[in-house]
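Visitor: First the structure, then my questions, so here it is.
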Amino acid sequence: MLGLSLFVTSLVFGFLTARHFIEMDAIVRERFEGRLFRVPSKVLSAPTILYPGLDWKQIDLRGALRRLGYREAASAQGLALGRYHWSDRRVTVHRRPFEHPSRAEPARVIAMRMAGPIIEEMRDAQTGREIGAVFLEPELVGSYYGPTHEQRELARLDSVPAHLVEAVIAVEDQRFMTHPGIDWRRIGGALIANLKAGGITQGGSTLTQQLAKNFFLTPDRKLWRKVQEATMAVIMEARYDKELILEAYLNEIYLGQRGGTAIHGVGEGARLYFGKNVRDLALHESALIAALIQSPNWLSPHRQPDRAQTRRDLVLKLMREQGRISEGAYQRAVAQRLRVATVTPEPREARYFLDALQRQLPDFYDGGTLATEGLQIYSTLDLRMQRLATRTLVEELERLEKAHESLAAKGSEVLQGCIIALRPQTGEVLALAGGRSYSRSQYDRCSQARRPAGSVFKPFVYLTAIQNGTLTLGDWLDDSPLEVPVPGGKWTPRNFDRKFHGRVPARTALEKSYNVAAARLGQQVGIDRVAKMAHSLGIESTLPRVPSLAIGAADLAPIELARAYATIANGGIRPRIRTFEDVVDPAGGTVERQPITFDRVIDGGSAYLVTSMLEGVVNQGTAASLRRQGLAGPIAGKTGTSNDYKDAWFVGFTPELVVVVWVGFDTPRNLGLASSRVALPVWARFMKEVTGGRIRGRFLRPPEVVELEIHPESGALALAGCPERRSELYLRGTEPAATCPEWSSRPRNPEGGGRRGWLERLFDDILGPEAP
Amino acid sequence: MSRNGVAFVLIAGLFVSSCVAPARLSPAGEALRVSAFADRGDAQRRASTRMVVGGLEASDLGHQIEAVASFERALQVDPSNPLAYLALARHETFEGDPRRALAFLDKAEATFGRSAEGMGALPHLHGLRGAALSALGRPAESEPHLAEARRSARVWADGQLDAAELR
């Protein structure tokens, strides 16, 4: 009977054990044969480029080096990798090697001679050769996390230095290479130690058991959980080789925090503590990484350097005792002072940009893919400009709220805004601040919001008229009362100042943003044509075919306006908006690329004439206060205030930058102020900080544009004897036919639209008109 | 003197002075080489042009991805550098997409503006346009451009422009 009971018990036990093994095996296989790790994709900034003549203060070189984890050294002699030396006249940087989709950048010692804020000369300190330009590593802009806020950089075992592997094994599991997943000697030792201490003070887990616990189980210390852990460890060892288990372990271990982000694996650990690739770690650095595994936060080298150093030295001692390093190597490593890179928390300023970038990626890259695939996305973002955009928006909106009662918050409704900056030639988004606080509202007012454009739309009307030959810059427009029949009645546009200005020069009409003149011009050229022009410039939203479209009765996203104005700034060539350049998979292959792409959509001459008109807006029009704020150089732009003052816009550009600012409430509300007092100051401050007040370049006049002297009142070509004159720009072929004083001795050039060649005029001036 | 006589004298004078005066154009038969401009312009332009030279070197060695990246970085430093657009146009004409080449040529022409002739860029602008149009199967449009390029610069004799020739 007893035998039968024993048999049945054994049978049941055996069955349960087998079932347990089968279940555990299935779990282990599923993990190991599927995706071992979910790695959040990282977004990197455009690299900082250094070159002779650059103003290092303007690009915040010192800040960039610190954010990249470079540490300052007392001397330039024997400068270690990842360190820099800064003195008044010389700056030396031992730049780390880094991968980039286009090429790998090797480590390099860059010696810079400074003259005040200017980099005067750059040389490679090792070869003595002059350097024309050099890149710093791109900075981390942010990551796409899943539910667990973890970051890791996967490291292959063959890229991990042998001394790091030895250090981890020495301190965590010295018989790892020989045990079958469970180390009975270690368990015995731990048992004795715990009995002596009267509680659990020592663990007996092997690396494989730790991995099983981290991968599959909860951290509690219940007996059943330990049984599961041991079972899984044995299964892992039976199924997979030591190298695979070790590689998984090195990529799984928790090594500390970067702000709110948990850092896992030696790859990301090396970045966090030393700002370098794991393969470049020195022995004493590897020992520190291994030391931290036990309790990364309690041993944090940033907060508890003494504790961390003691534990590091213990690791080195164990390595020496176990014969893993020589006495000499031990002595050299233990003599090294504990030095770690500054922790740079992941920037929070670019969250709106990250969302905008994700929306620009093909649909395949959804949230789940980005949170797990470990992609490196090389973005177009200028992180310094992004910081300025975010700071400017927050501070300026606060200032506006304090300065104007009408802008104060009502309940939870606070004043909002957006700043977007583009490089017009290449379409690169350099900065995007979609609101004043991402944590409070993830709604991106730069690319998701569509708001009435108001007067920032008017340049498209003028451009249409110039391009189809309806308007020249010497013409006058009619700003007298207008009635346009519309379904159900009449539309009667009014000006901002509630006055009509009669006959006004075309330039003045745009500079002063007269609605009635623009509305009449819109009627003249046709609203369909205006809408087509806007679309060809880069507006994608549906445009209502109504007369009021001419004065901006259309809901547009700031990013669309940025693109349309970029087309004008770019001489009529429309760029494709780009938020990233390359997407690289963990193996280093480029899986997506967004090259510079553009199309010519309008002629360069017409674009230049509108640019010239928009320069007038800044020099003597509704945006003239920009100049009073200390911004010199070539700037063109347009203010815009929508109906009932609900939206304030300023769209401005220089030869190298287009910036759109929108300010308003999410639930539209009267701002009580014109855009020149709301959006314009935000634009001015941002631009001043970005450029330091020095705006480079000039708007290039294309050959098809000529400058002539005209009589202002009549628009006639001014000849000698004309009582008044001013210079004006014309597209070739549209120059005025009439002259001042009137030339009446013969009909001029009747087949050439009244134009005479310079040679003909020269001959006439020298010889007088030919006798009939 | 009759009116026609005066005109003849003036035109003859202009012709003689153009032969004696320092040439605005490159020497006959030669065209722009980017490295000749590496030390010209402001700091941004110089750095940018050096990056274009670096890109052309990479292209010459067959490293096309690196070359394009260098040209694009050159535009990051100086987005108005016509030499970067010209180099991108050359790359797209012979190594990439001729349609994109035409867009880069438009941009190059616009940014060279009136300086295209003085810098010796016209043969390349014509030659690359001709080569791109030819690659797109538009020989009638291509031929006048290629003929003009061949006529004005020896480097276009074979209808090609190597990276080293542009460098």
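Just so it is clear, none of the values below were taken in a lab; they were calculated from the coordinates. Small disclaimer: the values here were computed from a predicted structure and weren't measured. Cβ: placed from backbone, ideal geometry, glycine included. Neighbour counts: every protein chain shown.
Visitor: Rank these for me by crowding, B:124, A:85, going from fewest to most other beta carbons within 10 Å.
Guide: Listing B:124, A:85 from fewest to most nearby Cβ atoms yields A:85, B:124.
Visitor: Per-residue HN-Hα couplings for region A:499-513, Karplus 6.51 cos²θ - 1.76 cosθ + 1.60 at θ = phi - 60°, whole Hz, x for Gly and Pro?
Guide: Using θ = phi - 60°, the values come out as 10, 10, 10, x, 7, 10, x, 4, 4, 4, 4, 7, 4, 8, 6 Hz.
Visitor: Would you grab the residues whose amide H sits under 5 Å from the one on residue A:44? Only those 5+ places off in sequence or on another chain, please, with H modelled 1.01 Å from N.
Guide: Hits under the 5 Å cutoff: A:141, A:377, A:378, A:379.
Visitor: Under the Karplus relation 6.51 cos²θ - 1.76 cosθ + 1.60, θ = phi - 60°, what is the ordered set of whole-Hz ³J(HN,Hα) values for region A:229-239, x standing for Gly and Pro?
Guide: In residue order, the calculated couplings are 4, 5, 4, 5, 4, 5, 4, 4, 5, 6, 8 Hz.
Visitor: Whose amide H sits under 5 Å from the amide H of residue B:120, counting only residues 5 or more places off or on another chain, with H placed in the peptide plane?
Guide: Those lying under 5 Å, H to H, from residue B:120 are B:26.
Visitor: When a footprinting reagent is the concern and you count Cβ atoms within 10 Å, what order do B:71, A:13, A:21 take, fewest first?
Guide: With the fewest neighbours first, B:71, A:13, A:21 line up as A:13, A:21, B:71.
Visitor: Still on this structure: For helix A:675-691, report the angle its Cα long axis makes with the longest principal axis of the Cα atoms of chain A; keep it between 0 and 90° and round to the nearest 10°.
Guide: 60 degrees
Visitor: Note the full-extension length gain between residue A:244 and residue A:363 as 0.36 nm times their separation in residues minus their Cα-Cα distance, in nm to one decimal.
Guide: 39.5 nm
Visitor: Rounded to the nearest Å, what's the spacing between the alpha carbon centres of region A:313-374 and region A:384-454? Just the number, please.
Guide: 33 Å
Visitor: For chain A, calculate the relative contact order in percent as a whole number, restricting contacts to Cα pairs under 8 Å that are 6 or more residues apart.
Guide: Across chain A, relative contact order equals 11 percent.
Visitor: Quick check on region A:149-334: take the gyration tensor over C-alpha atoms, sort the square-rooted eigenvalues as a ≥ b ≥ c, and tell me if it's rounded (a/c under 1.5), prolate or oblate.
Guide: Note, shape of region A:149-334 comes out rounded.
Visitor: Hey, another quick one. Contact order normalised by length for region A:10-92, with contacts defined as Cα pairs under 8 Å and 6 or more residues apart; what percent is it?
Guide: Relative contact order, region A:10-92: 12 percent.
Visitor: Under 5 Å between amide hydrogens, which residues at least 5 positions from residue A:592 or on another chain qualify, with H placed 1.01 Å from N in the peptide plane?
Guide: So residue A:592 has HN proximity to A:583.
Visitor: Run through region A:138-182 and list the GluC sites (Glu not before Pro) located in a DSSP loop whose Cβ has at most 14 other Cβ atoms within 10 Å.
Guide: none
Visitor: Could you go through region A:354-359 in sequence order and give the Karplus-derived ³J(HN,Hα) for each residue, using 6.51 cos²θ - 1.76 cosθ + 1.60 with θ = phi - 60°, rounded to whole Hz, and x for Gly and Pro?
Guide: Once θ is set to phi - 60°, the couplings for region A:354-359 become 4, 5, 5, 5, 4, 5 Hz.
Visitor: Post the alpha-carbon centroid distance, region A:242-260 to region A:625-679, in whole angstrom.
Guide: 50 Å
Visitor: Hey, fewest Cβ within 10 Å first, where do B:65, A:169 land in order?
Guide: Lowest count first: B:65, A:169.
Visitor: Under the rule of -39500 (n - 2.57) per DSSP H run of 4 or more residues, summed and divided by the residues of the protein assembly as shown, what mean residue ellipticity at 222 nm is obtained, to the nearest 500 deg cm²/dmol?
Guide: -13000 deg cm²/dmol
Visitor: I've got another one for you. Sorted by average packing, counted as other Cβ atoms within 10 angstrom per residue and highest first, what order do A:538-548, A:609-619 take?
Guide: Packing proxy ranking, top to bottom: A:609-619, A:538-548.
Visitor: Taking only Cα atoms, what is the 0 to 90° angle, nearest 10, from helix A:604-620's long axis to the longest principal axis of chain A?
Guide: Its long axis makes an angle of about 90 degrees.
Visitor: Now for a separate question. Please sort by residue number the trypsin sites (Lys or Arg not before Pro) in region A:48-106 whose DSSP state is loop and whose Cβ has at most 14 other Cβ atoms within 10 Å.
Guide: A:57, A:89
Visitor: With a/c under 1.5 counting as rounded, go ahead and sort region A:47-137 into rounded, prolate or oblate using the C-alpha gyration tensor (a ≥ b ≥ c being the square roots of the eigenvalues; past the cut-off, prolate if a/b is larger than b/c, else oblate).
Guide: Taking the square roots of the gyration eigenvalues as a ≥ b ≥ c, region A:47-137 is rounded.
Visitor: Mind running the shape call on region A:350-475? Use the C-alpha gyration tensor, a ≥ b ≥ c as the square roots of the eigenvalues: rounded below 1.5 for a/c, prolate if a/b tops b/c, oblate otherwise.
Guide: It comes out oblate by the Cα gyration axes.
Visitor: Still on this structure: Could you work out the relative contact order of region A:473-604, using alpha carbon pairs under 8 angstrom and six or more residues apart, expressed as a whole percent?
Guide: Rounded, it is 17 percent for region A:473-604.
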